[in-house]
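The values are calculated or read from the model by the stated rules, or taken from the named source; none is laboratory data. Please read these numbers as outputs of a predicted model, since none were measured by experiment. Glycine also receives a Cβ, built like all others from the backbone with ideal geometry; neighbour counts cover every protein chain displayed. Areas reflect the complete protein model, heavy atoms only, side chains present, ligands, DNA and RNA absent. Shrake-Rupley method; radii C 1.70, N 1.55, O 1.52, S 1.80 Å.
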Amino acid sequence: MPFSKLQLAAPILKAVNLCGYAAPTPIQEQAIPKALAGQDLIATAQTGTGKTAAFMLPALQRLTVPSACIKRSKGPRVLVLTPTRELANQVTDAVRIYGKFMRVRSGAILGGMPYFEQQRLLSQPVDIIVATPGRLMDHMERGRIDFSRLELLVLDEADRMLDMGFSEAVDTIAAATPASRQTMMFTATMDNAMAKLAQRLLRNPERVEIAGKKTTLEAIEQRLHAADDMQHKNRLLKHLIGDAGMTRAIIFSGTKKNADQLATELHAQGHSAAALHGDMSQFARNKTIMNMRRGRIRLLVATDVAARGLDVTGITHVINYDLPKNAEDYVHRIGRTGRAGATGIAISFASGKEVDALRSIERYIGQSIPQSVIPGLEPARPLRRSGGSSMPASGKRWQGSSAGKRPAQNAFGRNAYGSRPDRKPNTENKFSRDDQRSFKQDGGRAGDFRKTRPARQSRWA
Ligand code: AMP
């Protein structure tokens, strides 16, 4: 189906054409007509599927006609809530890109950014606000936002917002908006908590669900390396980053401290590397992402703050230096590669201590991650992977560059997530109230509060 069949206004179609999109992605094809009809919507879709345009194009369509609100108000007509600042920035970029040929006043309300600019934004008429819940609540408590002409509320990555403890904030924000609003909820997963949220906030929602999670990973080659300890991980990493086919990679670290340390050491070794985590100012985070986009950074060492929403094209590899504690995060992390029709490689290191995390990831993705061995860097001990028995390496030996060797596949059509009955309870949100508060204001990740081990002398021993 061509975009022209979607009944979108000419300036929106013009902007979409400029993006070079040949046709709507499955989520767009299914969600846009329902959204344009004004229906509430629950869409089960992951980043990388084109979900942003699925809600942004109908949002912009609303702005092609004047507000029907009789009350004079400067408040937003569209509000998009996102769990993280990175995602909010990307949604804000989408407003600019898809609204290029319209006069749209938009802005972001994010933690970690100066208040005065946001106050200025809110003191003027605004059409679209993209916000993280913590900072938006701050402004609401100070009486700075008038939602009386709000027509559309979008909850982007709603499951993650709940995981991050924003459930109450989302309810409060929704309660401050007109009951007549349209509500669209985008989530990677559907479980009880999500169903309850939908029940509270949506009216007779239409459901849009695209292909299951297993097929989503088809564009990504996954590999596992058993690692004896941190030194072994470092040797593996050193070998892997020597691959010339690795043009842009994200290396995920379990803690902010280790991310900093690893980035510093990689930089000292002559690699263009930088860290990205929730302790950095928003300015520094934006600058780092920009440098990655411009190709000035080849190796980005990140905590999970970057796993959601980060949309940098051309990421050839994702390396899980530490496995995520939460199985969902694995999928989000590796989804940074293999985006928008490209293929990618996801390499995970797993030490004996991470076997439980590995098991839950494999259960979640419904497949066993093939184990690879680099000659000369074999683990001293095999990884005890399933049911207590040690699973031998697959025998697949990977010795060098492989980015781009796999046949090109189009991720769209497969790059979508389905319901997930086996969702594990979130065990990450075990941090103090103070932590949670500053984390909420920061828009950071729960996992970033985990206590770190004392740093070792050198990672590369
Ligand atoms: P999202 O899932 O919204 O994060 O989008 C993932 C990527 O897909 C972004 O880089 C978009 O520019 C791109 N994209 C969105 N819609 C389309 C489309 N219809 N055709 C090709 N690429 C698209």
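Looking at region 44-63, which of its residues are modelled with pLDDT under 95 and either open to solvent by less than 10 Å² (accessible area, probe 1.4 Å) or away from the ligand (no atom under 14 Å from the Cβ) (or both)?
Scanning region 44-63 gives T44, A45, Q46, T49, K51.
If only one of A193, A188 is over 17 Å from M56 (Cβ atoms), touching a helix residue (DSSP H, G or I) at 6+ places or on another chain (Cβ under 6 Å), open to solvent by less than 10 Å² (accessible area, probe 1.4 Å) and of a type in the set (A, V, I, L, M), which one is it? Spell out the reasoning first.
Details: A193 fails: open to solvent by less than 10 Å² (accessible area, probe 1.4 Å).
Checking each option against the conditions leaves just A188.
State whether one or more residues within region 21-39 are of a type outside the set (A, V, I, L, M, F, W, C), in contact with a strand residue (DSSP E or B) (Cβ under 8 Å, 6 or more places away or on another chain), outside any helix (DSSP H, G or I) and more than 11 Å from the ligand (Cβ to nearest atom). It would help to see each step written out before you state the result.
Narrowing region 21-39 to residues of a type outside the set (A, V, I, L, M, F, W, C): 21, 24-26, 28-30, 33-34, 38-39.
From what is left, the residues that are in contact with a strand residue (DSSP E or B) (Cβ under 8 Å, 6 or more places away or on another chain) are 30, 34, 38-39.
So of that shortlist, the ones also outside any helix (DSSP H, G or I) come out as 38-39.
Right, trim to more than 11 Å from the ligand (Cβ to nearest atom) and you get 38-39.
Within region 21-39, one or more residues are of a type outside the set (A, V, I, L, M, F, W, C), in contact with a strand residue (DSSP E or B) (Cβ under 8 Å, 6 or more places away or on another chain), outside any helix (DSSP H, G or I) and more than 11 Å from the ligand (Cβ to nearest atom).
Taking the criterion of being modelled with pLDDT under 90 and part of a helix (DSSP H, G or I), would at least one residue in region 70-80 satisfy it?
No, the conditions are met nowhere in region 70-80.
Given the options L136, L153, name the one that is touching a residue at least 40 places away in the same chain (Cβ under 8 Å), among the aliphatic types (A, V, I, L, M), outside any helix (DSSP H, G or I) and open to solvent by less than 50 Å² (accessible area, probe 1.4 Å). Show your work before the answer.
Working: L136 fails: outside any helix (DSSP H, G or I).
When all the criteria are applied, what remains is L153.
Which numbered condition trips up L41, out of (1) open to solvent by less than 10 Å² (accessible area, probe 1.4 Å); (2) over 21 Å from E209 (Cβ atoms); (3) within 26 Å of the chain's Cα centre (by Cα)?
(2)
Within region 107-124, can one find any residue that is among the aromatic types (F, W, Y) and either crowded, with 22+ Cβ neighbours inside 10 Å or part of a loop (DSSP other than H, G, I, E, B) (or both)?
No: region 107-124 contains no residue that is among the aromatic types (F, W, Y) and either crowded, with 22+ Cβ neighbours inside 10 Å or part of a loop (DSSP other than H, G, I, E, B) (or both).
Hey, any hits in region 348-367 for a residue that's within 16 Å of the ligand (Cβ to nearest atom) and either part of a loop (DSSP other than H, G, I, E, B) or in contact (Cβ under 8 Å) with a residue 12 or more places away in the chain (or both)?
Taking region 348-367 first, the residues within 16 Å of the ligand (Cβ to nearest atom) are none.
There is no residue in region 348-367 that is within 16 Å of the ligand (Cβ to nearest atom) and either part of a loop (DSSP other than H, G, I, E, B) or in contact (Cβ under 8 Å) with a residue 12 or more places away in the chain (or both).
Just the residues that are of a type in the set (D, E) and more than 26 Å from Y364 (Cα to Cα), please, taken from region 269-327. I'd like the intermediate steps shown before the answer.
Initially, region 269-327 is screened for residues of a type in the set (D, E), giving 279, 304, 311, 322.
Within region 269-327, D279 is the sole residue that qualifies.
Residue check: is K14 open to solvent by 60 Å² or more (accessible area, probe 1.4 Å) and closer than 24 Å to H139 by Cα?
On the way: open to solvent by 60 Å² or more (accessible area, probe 1.4 Å): yes; closer than 24 Å to H139 by Cα: no.
In short, no.
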